[in-house]
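Encoded as structure tokens, the structure appears first; notes follow it.
Rule-based calculations on the coordinates, nothing more; no lab input. All values derive from a computational prediction rather than experimental measurement. When we count neighbours, we look across all protein chains shown, and the Cβ atoms used for this are built from the backbone with ideal geometry, even at glycine.
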Amino acid sequence: MLPALLLLLGAGGGESLRIATPRGEISVPLSREHGVAVAAPLIANALGLAIVVEGARATVVLDGAGFVFALNSPFVRIGAKMCLLVDEPYQVRDTLFLPLVWLTDCVPRVFGDRFRWDAAAGILTESLPPGAAATVATAGPPPAPAPTDTAPDDTARAVADPPPVS
């Protein structure tokens with residue numbers, strides 16, 4: 001995993017992370033202030049994150065999974081499970097920074113095939129969750145109502161009252 005991060009970061013500046021989702025693709029800068037991290041607000045819309053910071057704890061919710069970070073500690077808790085991080089989440093002023101390894105290692109392990117990290121290309125790709133593709137593909141306008149055989153009022157009256165027979 002570390003060689004993959006080194007490959008992504010290269011030797012020079014201008015380091016960025018690409019995220020591709022069904023909603024589009026973004027590129028965000030990486031911070032190296034306290035290890036390699038990304039500013040949570042920059043990826044929140046792309047990944048649909050809900051972020052709450054309370055004291056020394058930050059909770060990041062991604063598709064219903066709550067990741068609980070202890071600021072300045074190299075781990076994150078997801079329910080009863082733990083993910084060990086290379087770097088620590090931290091806060092500068094009002095901005096939460098999440099370790100890059102959270103996105104490249106922990107998120108793909110938690111969500112399985114839905115998130116895939118490609119170290120060579122430096123891109124995190126999100127695919128639709130299982131079942132969503134079928135729902136999207138089959139969703140469409142509701143079926144047209146079955147035609148009913150209604151006759152105008154005059155026709156109905158003519159059938160009900162046949163002409164007198166002589």
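See the values below:
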quantity	calculated
For the range 117-127, 3J(HN,Hα) per residue [Karplus equation, 6.51 cos²θ - 1.76 cosθ + 1.60, θ = phi - 60°, Hz, x = Gly/Pro]	9, 10, 5, 5, 8, x, 9, 9, 10, 10, 9
Point-to-point label distance, Val68-Glu25, nm (Cα→Cβ direction, 7 Å offset)	3.7 nm
Ranked list, fewest to most other Cβ atoms within 10 Å of each Cβ, for Val38, Val53	Val53, Val38
Contour minus Cα-Cα distance for Arg57 and Arg32 (0.36 nm per residue)	6.9 nm
Where labels lie 7 Å past Cα in the beta-carbon direction, separation of Glu15 and Leu128 in nm	3.6 nm
Fewest-first ranking of Phe97, Phe69, using other Cβ atoms within 10 Å as the exposure measure	Phe97, Phe69
Ala39 paired with Arg93, simple spin-label distance in nm, labels 7 Å along Cα-to-beta-carbon	0.8 nm
